[in-house]
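Heads up: the structure comes next, in structure tokens.
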Amino acid sequence: MRPTKDLIERVMGMDVFLTDTLGIGGTIRDRLEDFIVEEIQIDGSIACKVPIVEGYKDIGDYLWIVLGKRGIDTETAVSRLARVLGISRDYLQVAGLKDSRAVTYQFVSCHGIDESRVKALMSLTDNKIFIGAILRRPFPIRPGLLFGNRFTIVIRNIKLDEEELIVRVKGFLNEIREYGGLPAFYGHQRFGTIRPNTHIIGYYIIKRNFRKAVEELVNTVYPNESDMAKEARERASEGDIKAALELMPKSLKHERIVLSHLLRRPNDFIGAIRRLPLTTKRLFVQSYQSY
């Protein structure tokens, strides 16, 4: 086993590579289409461009929607879907969260949606979310129905010549066969890539130290963040909530939710955490459980 030199990976508890074969180099996620994720349910149903639904009969009170998204997180995509349907986000169920820097497909369910709202889905025009299919089933989606995900990943900019590339790939595959598989590390997706701290926030929530949870979410600066985000966090650390909110990038929705609440109700840290989406709060706690 080779130790990793990546400090962030070590912070997340991933200290070594299972294989001794050297990597092939290259880059992933040069384009969103280079990383495709398709959700698989335990019955074999697959959310994809042309969905595969096992034992499917178009009956039941639950609408199942194959939701595709491009370059945004699951919570934002589901919230947009709720607006199209004219219902609260709380009425929509998903089995899990999907990568934001990717093109992903997953099932979303809701109960009691009439045909007029279904027609609104069919006419959806949005460059970030799209509908793969609309089905009806007699039960809702829940996390326990998720079997896994199917990944299609493109690796670009490999500098090795073809012969060396083949040698390394074969060596890597042989080692995997010898070990009987790869360890299922919880990694960047669970803890964060630019800010690997979801488990730290979860720890403070479990300990009911909501001030520290807010400070870790909003104030703590990580080296790979944008200059604007760093400045916003510094203003928050100094107690200038208004300036922090003005500077905080629009893409950092959770930080903005918390700052907006603190601007109205200073020092109400538990209230600020409560304002976050339920799925986000669960992710924080589950991240700490994983860690």
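The values are calculated or read from the model by the stated rules, or taken from the named source; none is laboratory data. Not measured: the values here are computed from a predicted model. When we count neighbours, we look across all protein chains shown, and the Cβ atoms used for this are built from the backbone with ideal geometry, even at glycine.
Considering (1) out of contact with any Gly (no Cβ under 8 Å at 6 or more places or on another chain); (2) of a type in the set (Phe, Trp, Tyr); (3) part of a helix (DSSP H, G or I), the lone condition that Tyr222 does not fulfil carries the number (3).
The set of residues in segment 157-185 being over 23 Å from Met14 (Cβ atoms) and either over 31 Å from the mean Cα position of the chain (by Cα) or assigned to a helix (DSSP H, G or I) (or both) consists of Leu160, Asp161, Glu162, Glu163, Glu164, Leu165, Ile166, Val167, Lys170.
Looking only at residues in segment 221-262 that are of a type in the set (S, T, N, Q) and modelled with pLDDT of 95 or more, which one is nearest to Val11 (Cα to Cα)? Break it down stepwise before answering.
Applying the first criterion (of a type in the set (S, T, N, Q)) to segment 221-262 yields 224, 226, 237, 251, 260.
Those still in the list that are modelled with pLDDT of 95 or more too: 237, 260.
Numbers: Ser237: 23, Ser260: 30 Å.
Applying the filter and picking the extreme gives Ser237.
When the test is whether a residue is touching a residue at least 40 places away in the same chain (Cβ under 8 Å), more than 23 Å from Lys253 (Cβ to Cβ) and either surrounded by 15 or more Cβ atoms within 10 Å (Cβ to Cβ) or among the polar types (S, T, N, Q) (or both), Ile59 does not pass it.
Within 24 Å of the chain's Cα centre (by Cα) and surrounded by 14 or more Cβ atoms within 10 Å (Cβ to Cβ): is that true of Leu32 in this structure? So Leu32 passes the test.
Look at (1) more than 18 Å from Glu9 (Cα to Cα); (2) outside the structural domain of Arg101 (by TED's automatic domain parsing) and you find that Thr193 fails only one, number (1). Taking segment 1-48 as the range and being in contact with a Phe, Trp or Tyr (Cβ under 7 Å, 6 or more places away or on another chain), farther than 22 Å from Thr193 by Cα and not small (Gly, Ala, Ser) as the test, the residues that pass are Met1, Thr19, Thr21, Ile40, Gln41, Ile42, Cys48. For segment 98-128, a residue qualifies if it is surrounded by 19 or more Cβ atoms within 10 Å (Cβ to Cβ) and within 15 Å of Thr76 (Cβ to Cβ), and the qualifying residues are Lys98, Asp99, Ser100, Ala102, Val103, Thr104, Gln106, Val108.
Taken together, the residues in segment 134-156 that are surrounded by 17 or more Cβ atoms within 10 Å (Cβ to Cβ) and either part of a strand (DSSP E or B) or not assigned by TED's automatic domain parsing to the domain that holds His111 (or both) amount to 4. Selection over segment 114-133 of residues that are in contact (Cβ under 8 Å) with a residue 24 or more places away in the chain and either in contact with an Asp or Glu (Cβ under 6 Å, 6 or more places away or on another chain) or under 20 Å from Ala47 (Cα atoms) (or both) gives a count of 11. Selection over segment 84-113 of residues that are in contact with a helix residue (DSSP H, G or I) (Cβ under 6 Å, 6 or more places away or on another chain) and either over 24 Å from Glu38 (Cβ atoms) or without any contact (Cβ under 8 Å) to a residue 24 or more places away in the chain (or both) gives a count of 1. Being surrounded by fewer than 19 Cβ atoms within 10 Å (Cβ to Cβ) and outside the structural domain of Val94 (by TED's automatic domain parsing) holds for only one residue in Ile206, Ile201, and it is Ile206.
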